[in-house]
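Read the structure below first, then the notes.
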Amino acid sequence: MVAVEGWGEVSNVLAKDLAMEMVRMGVKHIVYTDILRDGMLSGPNVEYTKLLTDQTGIEIIASGGMSSMDDLENLHNAGVKGAIIGKKIDLAEAIKKYE
């Protein structure tokens, strides 16, 4: 479900439905943050991010849980086009590998 108001309020809208509405509006890229993983360094939600990508065709920038180059590799292998990383991942290394 989509969370709003600084993630303090959960709506009745499915992330997939909002992504499809964005596609209809002509949006090409969205940021999808799994708020249960954000800041936890537990790895991104690769499965759901891939599902959103596959079902909507929109290019997703994944956010939440990034902790290693392996996380980026898993997203890349799933067809996810981008990621927001934190201080645990070397930016120069990530750019060199995925640019």
Single condition Val2 does not satisfy, out of (1) at pLDDT 95 or above; (2) touching a Leu at 6+ places or on another chain (Cβ under 6 Å); (3) not aromatic (Phe, Trp, Tyr): (1)
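Report those helices (runs of 4 or more DSSP H) wholly inside region 30-99 carrying at least 2 residues which are farther than 25 Å from Glu5 by Cβ and open to solvent by less than 40 Å² (accessible area, probe 1.4 Å).
Counting at least 2 such residues, we get 46-56, 69-77.
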Pair list, Cβ under 7 Å, 6 or more apart: region 2-27 residue closer than 19 Å to Ile58 by Cβ, other residue of a type outside the set (A, V, I, L, M) and open to solvent by 50 Å² or more (accessible area, probe 1.4 Å): Ala3/Glu9; Lys16/Gln55; Val23/Gly57
Residue within region 71-85 that is among the basic types (Lys, Arg) and modelled with pLDDT of 95 or more present: no
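The values are calculated or read from the model by the stated rules, or taken from the named source; none is laboratory data. Quick caveat: nothing in here was measured; it's all calculated off a predicted structure. Don't worry about glycine lacking a Cβ; one is built from the backbone with ideal geometry, like all the others, and counts go over all protein chains shown. SASA here: full protein model, heavy atoms, side chains in, ligands and nucleic acids out. Shrake-Rupley method; radii C 1.70, N 1.55, O 1.52, S 1.80 Å.
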